[in-house]
Amino acid sequence: MHILGIETSCDDTSAAVVIDGVQILSNVVSSQNEFHAAFAGVVPEIASRKHIENILPVIDKALHDAGTVLDDIDAIAVTEAPGLIGSLLIGMNTAKALAMRLQKPLIPVNHLVAHMYALNLSNQINYPYIGLLVSGGHTMLCLMRDPVTMTMLGTTIDDACGEAFDKIAKHFNLGYPGGPVIDRLSAEGRDDAIRYPIVMLDESDNPFNFSYSGLKTAVVYQTEKYLADPSQKPSIPDICASFQKAALTVLLKKACRACRDYDIAGIGIAGGVSANRCLRRMLESEKEITPYLPPINLCTDNAAMIAGVAYHMQHKVLSGSALYKLVPRTRSTITDGIVS
Ligand code: KG4
Ligand code: ZN
């Protein structure tokens, strides 16, 4: 089954053709980073306007790269939520128009479930596993029972992990997006140069929640204190490496705790921050854990993960057990609730 996936939840315009949920024929991603860099963050208005410009050329290229034409496509999958509403609407309306024109099913996909599915595109997964979804908008610990059933165990109570990377990079004028820059600079620094807080939060509340605003503030203010002390002199790479170590350690501590509590052996990471080399190394060196890592090009937003997971939702729909329904051609009823 050929599924055309469309992803426009934030600032990347992407389209992909995937066969039977596993074989990626094409995956085109048009990045808008250069337009948002001056603001050191995504500007929703700019993102929507760029999606309008990019969406049709990106779909054309995805079909071309896949060696397909629209008539070869069996279903259209599109990111439904969460995301920036203006951005989502461009993808959703384009997908609806295509589905109506082709008289093919439209499969609305949850962006978070799709991020976790990126793991299936390069790993043989044993379910259940503990998922860490870490991106610019989300920091979530979840239990994945199968490709489309995600139970949320905890989430951030303030900033997302990737957001902390971006904001710290902005504070030190390192560039945008901040994650890849901090990742790169950290390789030249000492991760024990500065002791930043490892924020575990109150264990009696939800032990699987996260908080990044305190760490972000500590990096900004504590570092100014260190920089003012000539005997300390931490370099920018030292600051990056120390921050990154604190930010990532807490992710793995909580994921390992979830493995113990639920008697689960595997941890999978997904989302933009899963491209981080230090996080990948830390996960791979975790004892008695089976690590699941996505390929680097499928960590950040992409449509292959949308088209891939949609294949499994399509089957659930046909067997009558899906939480999502196919959107009828002339109606737009989209039920929520894949994330329970
Ligand atoms: O998944 P994604 O493309 O978009 C969202 O759904 O948010 O993630 C983007 C986020 C940004 O915050 C970016 O700084 C971060 O992922 N990121 C990284 C790395 N590459 C991207 N963070 C840490 N290390 C990286 N190598
Ligand atoms: Zn994302």
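The values are calculated or read from the model by the stated rules, or taken from the named source; none is laboratory data. Not measured: the values here are computed from a predicted model. As a convention, Cβ positions derive from the backbone with ideal geometry for all residues, glycine included, and neighbour counts pool all protein chains shown. Areas reflect the complete protein model, heavy atoms only, side chains present, ligands, DNA and RNA absent. Shrake-Rupley method; radii C 1.70, N 1.55, O 1.52, S 1.80 Å.
Largest GNM mean-square fluctuation across A95, A77, A193, computed for the chain with C-alpha springs under 10 Å, falls on A193.
Helix 161-171 axis versus longest C-alpha principal axis of the chain: approximately 60°, rounded to the nearest ten. Protein heavy-atom accessible surface, 1.4 Å probe, per residue over the stretch 74-189: 35 Å².
In the chain, what percent of the accessible surface is made up of carbon and sulfur (1.4 Å probe, ligands and nucleic acids excluded)?
Here carbon and sulfur together make up 53 percent of the probe-accessible area.
For I107, the residues 5 or more places off, or on other chains, whose built amide H falls under 5 Å of its own are I76, A77, V78. For the stretch 159-184, backbone nitrogen atoms closer than 12 Å to the point 7 Å from T217 Cα along Cα-to-C-beta are found at 159.
Extension gain, L89 to L56: 0.36 nm times the residue separation minus the Cα-Cα distance gives 10.5 nm. Using just its DSSP H runs of length 4 or more, each adding -39500 (n - 2.57), the chain gives a mean residue ellipticity at 222 nm of -13000 deg cm²/dmol after division by all residues.
The count of lysine pairs in the stretch 127-293 whose Cα atoms are under 15 Å apart, excluding pairs fewer than 8 places apart on the same chain, comes to 9.
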